[in-house]
Amino acid sequence: MKTPVGATTATRLLSAVIFVIAVQAQTAYTKLTPTSLKLSPNGQGELSGASMFSLSSRPLRAEKTFVVNSDAGLLHILCTWESDTPLTVSLARAAGHGLNGTVFLTSQTAQSPINLEVRIEPEQASRGPIYVEVRAPFQHGGRETVHGSIFATIGTTEFEKAIPYRQSVRNDLQEGKLLSPSEVTAMEAKLRANPQDWTTRLSLLGYYWSSADLRMSKSQIIAARLRHILWTIENRPTDSDIFDAPELNLAISGPLADPDGAKKVEDAWQRAIAKHPENTQVSLNAALFSATTDPAFSERVLQHAKSHADDDPCNRALGWLYAMVLASGSDRAFAEHAQSTLATSTNPALLVGAAPVLAFPAFKVSTEQYSRARLSRPKYLEFSEDLATRAISSQPDNPYVVWTYLNVLSVDLNTASSTDQRLAAEKKIYELFHRFDEMSEDPGHRLLLLPVLAGLAFDLENYEAARKYAIQSLDVAREREDIVAGVAIGPQAIHDSNDVLGRIALREQKVEEAKDYLLKAAGTPGGGILSTVGPRMLLAQALLDRGEREVVIEYLQKIKSSWRHGAAQLDQWIAVVRKGKSERLNLVDVPILASYR
């Protein structure tokens, strides 16, 4: 996936002329106004709309903002463009508390296409619009202009009205970053009158963590943060999904360091644990909160909790703690203790708690003209795989353990730096999926696995196995329309299994047979991620590379009915292919497991 060149920092103005140019540029920039993207009903009972844009790599024209006045529902944004320039698409929403400004929701940087989804709650729909910003990388001397389109749909039938508690907490914290000093004063007064006003307290925590340093002294910020954090520990110690937020964490170093407060917080957690001795969530919250400031305290809390609670949650938390400190290198002495403990442990819960953390990849950016972001192979990946292998050897039928092992192997595959490394990872995943298939009694679960097995077998050049799995998949695909793990298993299997059979035919030089399979793949009814992200187009790409443009155009036309969010992108590809130009189609360059994760 490509990303734009890293943002440049402001430099000193070297002359009055440069100063004047900069002022003029800023003035022109502030006059840019968002474009309204109007939604109207479409044939699928959704609201949809589209708009074109042009971006330049030069200043002032390098970004475009669209305003979407959305009803409550699941908002899907598809951004497509015709060049290989990476763009950034970001979504923000109007703020709450009567504040001006926007709250960041999500962002992605990639080559075309970019798909983003956000849930719009009923309360948010009444507040104001969603903002969609498209940005091109600024490059000195760049003159490229990118032409593209934004396509938006909102489906009310797929929307779950209740906002997840974690998301509502994040919303309140984010909105606090927009507060002015007068609003903070008013909200503090409101909180004194009603200390239980949790939404207001969260917004104040967001303010003191991010914006207060512009208007308050360091000692004032530290005192205010400690006051609100202590209240939260004393009054909401059983809440889940809040104590990992940075806005609620204390630091022992850096500009907001509060070592004296850290001691008071530790005492508060000990009182909360004593008050709720049978509540494991309180111990987990205390351990999570203190993991970066005092990992030894977190370890003691979890070890104590194991004496009167289910071992597995506490052991998974211990594994996470050990791995987090080891990977971050934040506490050398504790990291050595953590590595030694993990290396000798046989507890599967502890091992699967640690393995994903140690396998978490970072991004590495190249120095090409268009900088490319790749997943960087984690330092402790081999250690992580060893932990996951030990866990699965002791509990081979535990889905949680097996899923952890699969995640580690997926990182191994996605960060492979050579063909041999990639094939070795695929072989391990293939063997794991084969065992899944043998264990599974539910035809729906088998139908989820079989097309993946077919694709993996093809990559491993086991074409007979690939053919067998694809045919088995098609035998039951048309009878199933249910969605498992986000996948409409029957429709997805129809596409993917025909795709594999067509690629096998192509290897056997049966081009006409391969073309038939391509059109059969396009006959899928769609659903799940097939209708949002779209299908992997490996067979279509292989035929296109052979110059079979007409059948690929027919396929792209037919697949519109199942990939309803991809209409704009499909039209763009059809136009390019008709001109006889080379093109990379949907998801052909991603690892085989990407669409299933």
- Message: Residue under question is ALA262, and the condition is that it be in the same structural domain as ALA287 (by TED's automatic domain parsing) and in contact with an Asp or Glu (Cβ under 9 Å, 6 or more places away or on another chain); does it hold?
- Response: yes
- Item | helices (runs of 4 or more DSSP H) contained in the range 423-533 and holding at least 2 residues touching a Phe, Trp or Tyr at 6+ places or on another chain (Cβ under 8 Å), buried (at least 23 other Cβ atoms within 10 Å of the Cβ) and at pLDDT 95 or above | 489-507, 511-521
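If the requirement is being among the aliphatic types (A, V, I, L, M), free of Cβ contacts under 8 Å to residues at least 60 places away in the same chain and surrounded by 18 or more Cβ atoms within 10 Å (Cβ to Cβ), which of these qualifies: ALA62, ALA136, ALA92? Break it down stepwise before answering.
On the way: ALA62 fails: free of Cβ contacts under 8 Å to residues at least 60 places away in the same chain; ALA136 fails: free of Cβ contacts under 8 Å to residues at least 60 places away in the same chain.
Going through ALA62, ALA136, ALA92 in turn, just one is among the aliphatic types (A, V, I, L, M), free of Cβ contacts under 8 Å to residues at least 60 places away in the same chain and surrounded by 18 or more Cβ atoms within 10 Å (Cβ to Cβ): ALA92.
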- Going through the range 219-247 in order, the residues found to be over 14 Å from ALA272 (Cβ atoms), assigned to a helix (DSSP H, G or I) and not β-branched (Val, Ile, Thr) are SER219, GLN220, ALA223, ALA224, ARG225, LEU226, ARG227, HIS228, PRO246, GLU247
- Message: Which residue is nearest to TYR463 (Cα to Cα), if the candidates are limited to the range 382-422 and must be of a type outside the set (A, V, I, L, M, F, W, C) and part of a loop (DSSP other than H, G, I, E, B)?
- Response: SER418
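Where in the range 59-127 are there strands (runs of 3 or more DSSP E), lying wholly inside it, with at least 1 residues that are farther than 20 Å from VAL169 by Cβ and touching a Cys at 6+ places or on another chain (Cβ under 6 Å)? Spell out how you get there, then give the answer.
Values: elements: 63-68, 73-81, 87-94, 102-110, 114-120.
Here the list reads 87-94, 114-120.
Let's see how each residue does on (1) out of contact with any His (no Cβ under 8 Å at 6 or more places or on another chain); (2) at pLDDT 95 or above; (3) surrounded by fewer than 16 Cβ atoms within 10 Å (Cβ to Cβ):
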{"site": "ILE252", "(1), (2), (3)": "yes, no, yes"}
{"site": "GLN270", "(1), (2), (3)": "yes, yes, yes"}
{"site": "ASN279", "(1), (2), (3)": "yes, no, no"}
{"site": "SER298", "(1), (2), (3)": "yes, yes, no"}
{"site": "ASP311", "(1), (2), (3)": "yes, no, yes"}
{"site": "GLY319", "(1), (2), (3)": "yes, yes, no"}
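Only residues that are in a loop (DSSP other than H, G, I, E, B), over 17 Å from HIS495 (Cβ atoms) and without any contact (Cβ under 8 Å) to a residue 40 or more places away in the chain: list them for the range 547-592, please.
Taking the range 547-592 first, the residues in a loop (DSSP other than H, G, I, E, B) are 547-548, 562-563, 579-592.
After this cut, where a residue has to be over 17 Å from HIS495 (Cβ atoms) as well, the list is 547-548, 579-584, 589, 591.
Once the filter is applied, which keeps residues that are in a loop (DSSP other than H, G, I, E, B), over 17 Å from HIS495 (Cβ atoms) and without any contact (Cβ under 8 Å) to a residue 40 or more places away in the chain, the range 547-592 yields GLY547, GLU548, LYS579, GLY580, LYS581, SER582, GLU583, ASP589.
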- Any residue in the range 87-103 that is at pLDDT 80 or above, touching an Asp or Glu at 6+ places or on another chain (Cβ under 7 Å) and charged (D, E, K, R)? no
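Of a type in the set (Val, Ile, Thr), touching a helix residue (DSSP H, G or I) at 6+ places or on another chain (Cβ under 7 Å) and surrounded by fewer than 22 Cβ atoms within 10 Å (Cβ to Cβ), is that true of THR341?
Details: of a type in the set (Val, Ile, Thr): yes; touching a helix residue (DSSP H, G or I) at 6+ places or on another chain (Cβ under 7 Å): yes; surrounded by fewer than 22 Cβ atoms within 10 Å (Cβ to Cβ): yes.
It is true that THR341 is of a type in the set (Val, Ile, Thr), touching a helix residue (DSSP H, G or I) at 6+ places or on another chain (Cβ under 7 Å) and surrounded by fewer than 22 Cβ atoms within 10 Å (Cβ to Cβ).
The values are calculated or read from the model by the stated rules, or taken from the named source; none is laboratory data. Note that the structure is predicted; figures quoted are calculated from it, not measured. Reconstructed Cβ throughout: ideal geometry from the backbone, glycine too, with neighbour counts over all protein chains shown.
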